[in-house]
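Note sheet for the following structure.
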Amino acid sequence: MRAIRLTAVLLLMVTGLGSSVAASEEPRRIAGYGYWSLRELGATRLEWRDPRPGRYTLARYTLADASQGSGRTIVVWLHYRIVLAPDTAPGELQLWDMANEWSATLVRVRVHRADDGNVFLTWNTLDLYDGVRVGTALGTALELVVRNAVPFQWPRLGENTLQLGIDMTPGVRVSRLVVEDDSGIQVARRGPPQLSLELGLPRGPLAVREDVTLRFRVRNTGSEPARDAVVRVDDPTGAFAVAGAPAWQAPVVEHMATGAFHLHLLKAGTFPVAVEAAARGGGGERLELRVTVGPAEGTRAVRWQWWALAAGAGLVLIGLLAGWWERRRGPLRTAAGPQR
């Protein structure tokens, strides 16, 4: 019986149906701000040989505070070492975290074979801090660190379990997968960047063929610097032309930045003007203004001149008609005869 049990345990370890190192029996407590590695949560370096698709426990822990936002951001970090088998088929490997049926990170690794038969890998991931990340690795080995702020449903007050999800297309074989023990959970005061917009146009009527300045102020309401920030102006109706580039860019926005777009108004009417702010790995905002453009100033002047001419001509015509009427009627007569 002992031999059978030992054989079963060895098979689980070799085939990857369970982690090679069990998590601590009693969940560790996460409270306040800081970083709790897997090692500090009672787990060690976790390694699987030839893992199969499924979920694997990384650590168990309790949260004293499960709130997310308003000066408190929970971030999950995962440090992977991945080695594909030499005889792996082309396809895709996916790795993700899981807590309370919600995930914050996803890594996609594509396996390719070159014309000479050698394996190379391409990978991509997306997070709120660094945005879209892509890369290439020659050979079958890849090391990667990912992090992301977790969704609101990811943390739960009390006991939680951090899991690793694995999936792969048929034929893909992973000879070795490691989650290093410096992976873990961070509770930070600083969250991902978040850009907001304020817009301003000149007061007073706008006219066709005028050049106007659309000013903007972009604020980073998050606590992480906003990197590769961009503000774009868009005109879906063709009501104006942008003098210069239709996009403003800044490598970093710590707190606030200002800029302007110079617009040449092309036609009269009421039109939408859309302005959007975004940053790499951060949230942004899109605002739309309704702008009313009147006729050109020159057209207005010509119209007023025509009105003045028409009014003057009307007065002259009235005077001529009055004189003609007086001549035709003749001198005023009464019953006593003509007045002298």
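A few comments on the model shown:
- Contour excess over end-to-end distance, with Cα ends at I318 and D167 and 0.36 nm allotted per residue: 45.0 nm
- Charge dipole (Cα centre; +1 on Lys/Arg Cβ, -1 on Asp/Glu Cβ; no other charges) of the stretch 59-104 amounts to roughly 220 debye.
- Here the gap between A31 and T57, fully extended at 0.36 nm per residue and compared with their Cα-Cα distance, gives a gain of 7.2 nm.
- Residue ranges 90-103, 246-259 sort as 90-103, 246-259 when ordered by packing (mean number of other C-beta atoms within 10 Å per residue, highest first).
- Sites T221 and R110 - FRET efficiency at Förster radius 35 Å, r taken between beta-carbons, to 0.05: 0.45
- Arranged from fewest to most other beta-carbon atoms within 10 Å of their beta carbon, V178, V132 become V132, V178.
- Förster radius 22 Å - calculated FRET efficiency between V134 and L199, Cβ distance, rounded to 0.05: 0.05
- Chain lengthening between N124 and A89 when straightened (0.36 nm per residue, less Cα-Cα): 10.7 nm
- Computed over the stretch 195-294, relative contact order equals 36 percent, with contacts defined as Cα pairs under 8 Å that lie 6+ residues apart.
- Quotient of Cα Rg and 2.2 N^0.38 Å for the stretch 16-188, N being how many residues it contains: 1.05
- Scanning residues 5 or more positions from A104 or on other chains, those with amide H under 5 Å from its amide H are D97, with H placed 1.01 Å from N in the peptide plane.
- Separation of the D50 and L266 label points, Cα + 7 Å toward Cβ, nm: 6.5
- Between the listed residues G204, L287, V233, the Cα displaced farthest toward the positive end of the dipole of the stretch 195-294, a dipole computed from Cβ unit charges relative to the Cα centre, is found at G204.
- Per-pair calculated FRET efficiency, R0 = 30 Å: E210 and T258 via Cβ, rounded to 0.05: 0.85
Values quoted throughout were computed directly from the atomic coordinates according to the rules given, and no laboratory measurement underlies them. Computed from a predicted model, the values in this text were never measured in an experiment. With ideal geometry, Cβ positions are generated from the backbone for all residues, glycine too; neighbour counts draw on all protein chains shown.
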